[in-house]
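Structure, as structure tokens:
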Amino acid sequence: MSKFLGVPVKKGEIVRERVRIATYADGTPVQLPVMTIGGVKDGPTLYMQAGIHGDEMTGVEVLRRAIRHIDPATVAGTVVVVPICNPPAYLTRSREYVNEERHTDVFDVFPGAARGLLSERIAHALLSEFITNAEFSIDFHSALDGCEIVPFCYVWPNDNEHGSLAFRESQATAFGTDYVYYHDAVSKFGTSVGGGLSVDADAAGGPLMLAEMGESRRVSRQFVDIGVRGVRNVMINMGMLEGEVERNPRQRTFTKFTLAHADEGGALELAVELGDDVVEGQRLADIYDVFGDKIDEVVAPCDGFVQRLMRLGSVNTGAEIAWIGS
Ligand SMILES: [Zn+2]
């Protein structure tokens with residue numbers, strides 16, 4: 001019998017457990033919620049997690065909805081889910097565990113450390129207990145606080161260093177978002193560092209895909225169905241469910257995104273919507289001062305589509321107003 005963080009897989013059954021992995025200062029256990037769905041037929045293992053960034057709720061909702069539709073009697077293989085995989089950050093709806101000695105983005109500290117910071121211990125547990133014991137993993141994300149992002153799947157890394165490229169491409173395509181992003185292993189991601197979970201997971205022999213959608217701290221309801229359908233499509237594509245993958249005829253790929261920053265601080269009024277196609281120089285947004293005068297116009301730095309938008313009403317100089325995918 002296989003186990004995931006000690007939680008067994010039982011053929012034809014769903015097992016739900018909360019597994020203690022650490023302790024808060026007041027003695028409350030830090031627990032990972034773990035669910036295993038043991039299909040009646042043999043097949044691969046699909047692992048899914050959300051909430052590695054504790055403010056990203058849309059993936060949590062996608063998983064909540066997706067697992068309700070999965071009946072072990074119709075599954076070949078095993079589905080393992082940790083719907084909230086960074087509980088300390090989830091409690092404060094923040095990207096990171098805010099009371100940690102050093103602010104640590106779990107996504108960036110893989111492979112983690114069994115005896116390190118709590119965030120590093122979580123990373124270690126996710127990789128060693130789940131990701132490397134599954135044929136494929138899906139890690140759900142949303143945009144940073146205040147921003148909203150179109151649904152897309154990653155092929156990251158976009159190389160075949162560990163022999164998994166065609167397999168990962170096949171799942172990313174099958175998931176069915178409008179966009180698939182080919183991201184190389186090392187380049188800078190926006191203004192943050194490169195690398196991260198998907199690169200480390202691939203190196204550790206646990207092919208993984210990020211599925212990105214929606215806004216931080218809210219459930220982007222308009223995208224939840226896309227995520228639920230994506231999970232089903234991947235399960236069909238992996239041979240775990242009967243049926244046909246629902247292909248998305250609008251799907252297209254992109255390989256980079258370019259940031260459009262505000263040069264002045266003030267009130268933000270957007271002139272485009274998520275998914276809009278734009279051309280270089282096109283007006284994306286206006287910035288107004290408190291007296292109502294327009295003080296800045298943010299324009300598209302290149303041709304492409306609006307991949308991510310700032311949703312806050314006010315911004316400081318430097319704010320990322322939009323990401324343009326191309
Ligand atoms: Zn995230």
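Just so it is clear, none of the values below were taken in a lab; they were calculated from the coordinates. Treat the numbers as computed from the prediction; the structure is a model and nothing was measured. All Cβ positions, even for glycine, are placed from backbone atoms using ideal geometry, and neighbour counts span all protein chains on display.
For the chain, the Kirkwood hydrodynamic radius comes to 20.4 Å, computed from all pairs of different C-alpha atoms. P(r) tail, the stretch 1-149: Cα-Cα pairs separated by more than 22 Å, 38% of all pairs. Note on D178 and D289: the model spin-label points, each 7 Å out from Cα along the C-beta direction, lie 3.7 nm apart. Between the stretch 1-60 and the stretch 90-152, what is the separation of their alpha carbon centroids in Å? So the separation of the two Cα centres works out to 14 Å.
Extending 7 Å from Cα along the Cβ direction at E273 and again at D225 yields two label points whose distance is 1.5 nm. Only beta bridges with both residues in the stretch 1-100 are counted; by DSSP, about 70 percent of them are antiparallel.
Over all pairs of distinct alpha carbons, what does the Kirkwood formula give as the hydrodynamic radius of the stretch 194-309, in Å? It is 17.7 Å. With the Cα gyration tensor of the stretch 49-126 giving a ≥ b ≥ c as the square roots of its eigenvalues, does the rule (a/c under 1.5 for rounded; else a/b larger than b/c for prolate; else oblate) give rounded, prolate or oblate? It comes out oblate by the Cα gyration axes. Seen from a random direction on average, the alpha-carbon convex hull of the stretch 111-230 projects onto 7.7 square nanometres.
Between N316 and F167, the simple spin-label model (points 7 angstrom out along Cα→Cβ) gives 4.5 nm. Based on Cα contacts under 8 Å between residues 6+ apart, the chain shows a relative contact order of 15 percent.
Of the options G39, G265, V234, report the single residue whose Cα projects farthest towards the positive end of the charge dipole of the chain (beta-carbon charges: Lys, Arg +1; Asp, Glu -1). About the Cα centre, the residue reaching furthest to the positive side is G39. Of all DSSP beta bridges confined to the chain, the antiparallel ones make up roughly 65%.
By other beta-carbon atoms within 10 Å, ranking H261, H141 with the fewest at the front produces H261, H141. Within the straight-line cut-off of under 17 Å between alpha carbons, the aspartates and glutamates reachable from K41 are E13, D71, E135, E242, sequence neighbours fewer than 8 places apart in one chain being disregarded. Proximity of backbone amide H atoms, modeled 1.01 Å from N, is registered between I21 and V30, Q31, L32 at under 5 Å, excluding neighbours fewer than 5 places apart on the same chain. Scanning residues 5 or more positions from I295 or on other chains, those with amide H under 5 Å from its amide H are I287, Y288, D289, with H placed 1.01 Å from N in the peptide plane. How about K256: which lysines have a C-alpha closer than 17 Å to its C-alpha, ignoring those fewer than 8 places off in the same chain? Correct list for K256: K188. A simple rule links phi to the HN-Hα coupling: the Karplus curve 6.51 cos²θ - 1.76 cosθ + 1.60 with θ = phi - 60°, which for the stretch 11-19 gives 4, x, 10, 10, 10, 10, 9, 10, 9 Hz, with x for Gly and Pro. Dipole of the stretch 1-151 computed with +1 at Lys/Arg Cβ and -1 at Asp/Glu Cβ about the Cα centre; of H53, V9, L117, farthest Cα towards the positive end is V9. Averaging the sequence gap over all C-alpha pairs within less than 8 Å and six or more residues apart, then dividing by the number of residues, gives the stretch 220-326 a relative contact order of 29 percent.
Take 160-173, 238-251, 56-69 and order them by the average number of nearby Cβ atoms within 10 Å per residue, most first; the result is 56-69, 160-173, 238-251.
Relative intensity of the stretch 64-109 on a log10 scale, I(q)/I(0) at q = 0.26, 0.28, 0.29 Å⁻¹, equals -0.94, -1.03, -1.08, per a Debye sum over C-alpha point scatterers of equal strength in the absence of solvent.
Only the Cβ atoms of Lys and Arg (+1) and of Asp and Glu (-1) were treated as charged; on that basis the dipole of the chain about its Cα centre amounts to roughly 1520 debye. Extension gain for the segment A113 to D303, taken as residue separation times 0.36 nm less the Cα-Cα distance, is 64.2 nm to one decimal. Using the Karplus relation 6.51 cos²θ - 1.76 cosθ + 1.60 with θ = phi - 60°, the per-residue 3J(HN,Hα) values for the stretch 264-271 come to 10, x, x, 7, 9, 10, 7, 10 Hz, with x marking Gly and Pro.
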